[in-house]
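Let me begin by handing over the structure; questions about it come next.
The values are calculated or read from the model by the stated rules, or taken from the named source; none is laboratory data. Owing to the predicted nature of the structure, the values given are computational and were not obtained by experimental measurement. Cβ: placed from backbone, ideal geometry, glycine included. Neighbour counts: every protein chain shown. Surface areas here come from the heavy atoms of the whole protein model, side chains and all, with no ligands, DNA or RNA. Shrake-Rupley method; radii C 1.70, N 1.55, O 1.52, S 1.80 Å.
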Amino acid sequence: MINSATSATSGSTAVSTTATRADTTTDASAGQDRFLKLLVAQLNNQDPNTVTGIQQLNDTVKGLVSQFAAQQMLQGSAMVGHQVLAEGNTLSVDTESGQATGAFDLAGSAASVKVQVLDAAGKEVGTVDMGSLPAGRYNFAWDTAGYQGDSALRFKVLAANGDTSVGSTALMIDKVTAVSMDNGSLQLQLSRGGMTTQAGIKAIL
């Protein structure tokens, strides 16, 4: 189920925003579960009490690790070219519409949620007032029409119940451009620079 909420914005260049709560999740553990089941099945057929059995066991483990790495690469390659949500606070700007978009996970219900839009120096150039929100994942948009700078825009989420802060995780919209393996771990290259792991991908858009 997706719940949407529209709120007003404030600041010299803020115009409008739409917040969307999404329940999309990725199941990165499914491949690991299959790998572990296959490993257990193979180990049950080995005799670790002999030199030959130990060598066979080592060969089996190496073979399964190699198969798992290949499976991860195959799964990761399916994300190349797709937009994803990853941890980060850089706004994605659509040059045609002028909308700067981002997202965040809200850890708990908050009576007041506001997104600060910041320039490269950390100066606030606008805000997005999200109002009161329950825990969940939300998207937002900010109109850059009045922004005169040319540096990348970032954002910060301020959520609270009175004087008590509510935790949040900033998420940025990016595109996967390549995948690779590093010490057995799948690494994904993002279009705006930087690498992330499969666990760092929160959703495929």
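On a straight-distance basis, which lysines could pair with K202 in a cross-link, Cα separation under 16 angstrom, same-chain partners fewer than 8 positions away excluded?
K175
How much area per residue is accessible in segment 126-189 when the probe is 1.4 Å and only protein heavy atoms are counted (Å²)?
I get 46 Å² per residue for this part.
Still on this structure: Any chance you could run the full-extension gain for N183 through M195? It's 0.36 nm times the residue separation minus the Cα-Cα distance, nm to one decimal.
Length gained, N183 through M195: 2.9 nm.
Under a point spin-label approximation (7 Å from Cα along Cα-to-Cβ), what is the E87-A145 distance to one decimal in nm?
3.7
If Lys and Arg each add +1 and Asp and Glu each add -1, what is the summed charge of the other residues whose beta carbon sits under 12 Å from the beta carbon of A170?
Around A170, the charge tally is +2.
If you don't mind, another one. Run the 1.4 Å probe and let me know the accessible area of R137, rounded to the nearest 10 Å².
Here the residue's solvent-accessible area equals roughly 30 Å².
I've got another one for you. Hull surface divided by four, with the convex hull built on the Cα atoms of segment 146-197: how many nm²?
6.5
Quantify, in whole percent, the carbon and sulfur part of the accessible surface of segment 63-205 (1.4 Å probe; protein heavy atoms only).
The value for segment 63-205 is 50 percent carbon and sulfur by accessible area.
Taking the Cβ of N89 as the centre, find all other residues whose Cβ is under 11 Å away and add up their charges (Lys, Arg: +1; Asp, Glu: -1).
Values: positive: R154, K156; negative: E87.
Computed value for this residue: +1.
Per 10 Å bin, what percent of the C-alpha pairs of segment 118-162 does each bin hold, from zero upward?
Over segment 118-162, the share of Cα pairs per 10 Å bin runs 20, 50, 25, 5 percent.
Could you list which residues have their amide H under 5 Å from that of R192, counting only those 5 or more apart in sequence or on another chain, with H placed in the peptide plane?
K175
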